[in-house]
Amino acid sequence: MSRELSGLYRALAADADDRALPAPDRLRGRADRRAHRRAALGALTVAVLVGGTAAGTRLVLTAGPDAPPGPPVASPDEGSPSPTPPSVPPTPGRSSPPPPARTPDTPPRTSTGPAGSSPTSIPDRAFFALAAANDAGTGSTFGPGPVLPALCGATPGEAGIVTRRVRTLAFKLATTPQGYVPDGSYKHSITVYRPGRADDALAELRRAVRDCPTRPGTGDTAGLTSTQRLLPDGGYGDESVLFEVRRPATDYEGAPEVREVVRLVRAVRVGNVVTVLWELGWEGTSSPRSQVDQDSRRAVDAIRNWLD
Amino acid sequence: MRDANSFDDFYRSTSARTLRYGYAVADDLGEAQDLVQEAYARAWRQWGKLAAHPAPEAWLRLVISRLATDRWRRLRGWRLAASRSGPPADVGPPGEETVLLVGALRQLPARQRQALALHYLFDMPVAEIAREAGVPTGTVKSWLSRGRTRLAELLPGVVSEELEVNDVA
C-alpha cells in the first residue's frame, strides 16, 4: 500500500503531540537555577584564581609563609551540571539575533508576594472563570492589545507597570441556550503596578474619562461620535472606576441606526493590581450591566485568591 | 527586564510544534524533548532581547538544529538538571509509521532533515526555508529534492510527491 511522505510526517507530529513538555514556569525555574549555578561557579573560579595568585605572590616575595595556608578550595564537582558555554547565538535567516545575555538574570520572584509587594508575573489562575451558565465554550485567548477604549489620546494607567496580561473571552447570558452565539465578550486585563502606582492609574482613568466626554469615531465607526461618562460605582476591590461608552449603533452596511450601543468598562484595584473588564459586545449587543457586575466580582475574587 | 508572562504565552503557543520539529531533526523523541527544553531555556535567558526579535520561533528552530548536531556535549547540563526532577512520565511507543520515518531520517544529512521538517511540518515555501537557513533557494530545492529521493529509496511504497518542491517556490 502506498503512503505519502506528508502522511508519515503527520504521524510523526501526532506522536510528538503525545509527549508533554513541562509547564513554562517549571522550565523557567530550571533555566534560572542553572544560570545561578553557572554564575556561582564563575565566581568560585575567580576566587580560586585570585586567591592562588595572591598566595603565589606572597610565596615569591617572602622568605617563608607568614600565615598558615588557607583551606583547600574544592574543585568543581564533576557531577554538577556542566554549564553550557553560550555559543554564538544563531542567526535565523538574515535577521540579527539578540546577543546572548552575559550577566546572570535575576530570578523571577514568586507571583504571590507579601502584601505591599508587587508580583512580577501573573498566573492563569489570576483570571476568573465564567460561571458555568455563562460559559460560551469558546475559551480565552491571551494576546497583546489595548486594555481600554480610546479616550481622546489619553493613556491612563500606562506608567509604573510591572507586568500585564490581557485576554479576550466571550460569554453568554444564563438564559441563552448552549450552542447559540455569545451575548458579549470581554477584553480582560490584569496589570501589576509598582507599589503606590495602582491608585494613580485609577485616578488617571477617572480624569481621562472626564476629559473626553465625546469622541469622534475612526475606522469602522468614522462619522459616529461616542460619548463617555463616569458612572457611580463601589463595592469592588479597594476602589473601582466604572464608565460607559455610548455611540449610535450601525446596521450591517455601517449606516447609523436609531438605537445606541452601550459599552461598560470597569477597572478595579486590589492592592497594587488593577483588573479591567471592558465589555466589547458581540455583533452589536450592548453591555448587560448585571452580567458585568457579576463577572467583576468574580474577577476580584480570583485576584484576591491569587494574592492571598 | 524579562517578561515572564510573554515568555509563557510564547512557550504555550509554540512548544507543541517546536517539539514536532525537534523530533523530525533529532532521531529520538526523548532527545527531542531535551533539545526543545534546552532551546527554550536559552530563549528565556535571553528573553529580554529575544522578545523583540522579529522571528523568535525561527531562532528557536535554529538553536535546536545546532544542538541536534552536537547534542551530547551541549545537553549534558540540561540532562543533569532534568534528572533531579525524576524520570519522565511513561508514554506509549511511537506508531509504526513514525518509527519507519525516523529510521529513514537518521540516514539523511542534518540540513536535508531540517529542510524537510520545515516543508512538511510547517508547510513553509522554499523561499521561507531559504531565508531561515540563510542559503539560496536553489540550495533548499536541492536539499528537499535529494532528501525526498533518499527517503523514497529508504521507504518502499512511499509516494514521491514530485511537484511540491517546485510548486511552492
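Any read-out appearing in this document is the output of simple, stated calculations on the displayed coordinates, not a laboratory observation. Here the structure is a predicted model, which is why all the values come from computation and not from measurement. No Cβ is skipped: glycine too gets one built from the backbone with ideal geometry, and neighbour counts run over all protein chains shown.
For A:GLU260, the residues 5 or more places off, or on other chains, whose built amide H falls under 5 Å of its own are A:ALA249. Ignoring lysines fewer than eight residues from A:LYS172 along the same chain, the ones with Cα atoms less than 17 angstrom from its Cα are A:LYS187. If Lys and Arg each add +1 and Asp and Glu each add -1, what is the summed charge of the other residues whose beta carbon sits under 13 Å from the beta carbon of A:ARG266? Net charge in that neighbourhood comes out at +1.
At q = 0.18, 0.27 Å⁻¹ the log10 of I(q)/I(0) for the range B:94-169 amounts to -0.68, -1.34, computed by Debye summation with a single uniform scatterer per C-alpha, solvent ignored.
Exposure proxy shown here: for A:ASP183, A:ASP238, the number of other Cβ atoms within 10 Å sets the order, fewest to most, as A:ASP238, A:ASP183. Here the gap between A:ALA131 and A:ASP199, fully extended at 0.36 nm per residue and compared with their Cα-Cα distance, gives a gain of 21.6 nm. For the range A:273-285, backbone phi angles converted through the Karplus equation (6.51, -1.76, 1.60; θ = phi - 60°) give residue-by-residue couplings of 10, 10, 10, 10, 10, 10, 7, 9, x, 8, 6, x, 6 Hz, Gly and Pro being listed as x.
Using only Cα positions of the range A:124-307, each an equal point scatterer, no hydration layer, compute I(q)/I(0) via Debye at q = 0.09, 0.10, 0.14, 0.20 Å⁻¹ and quote the log10 values to two decimals. Ignoring solvent entirely, the Cα scatterers give -0.31, -0.38, -0.77, -1.49. Working note: Debye formula, equal point scatterers on the alpha-carbon atoms of the range A:207-308, no solvent; log10 I(q)/I(0) at q = 0.10 Å⁻¹ is -0.33.
Using the Cβ-Cβ distance between A:ARG298 and B:LEU154 with R0 set to 41 Å, the FRET efficiency from 1/(1 + (r/R0)^6) comes to roughly 0.10.
Ranking of A:PHE142, A:PHE127 by neighbouring Cβ atoms within 10 Å, starting from the fewest: A:PHE142, A:PHE127. Given their separation in residues at 0.36 nm each and the Cα-Cα distance between them, A:GLU260 and A:ASP233 gain 7.5 nm when the chain is fully extended. When only Cα pairs below 8 angstrom with a gap of at least 6 residues are kept, the range A:124-307 shows a relative contact order of 23 percent. Applying the criteria of a DSSP loop state and at most 16 other Cβ atoms within 10 Å to the trypsin sites (Lys or Arg not before Pro) of the range B:105-154 yields B:ARG106.
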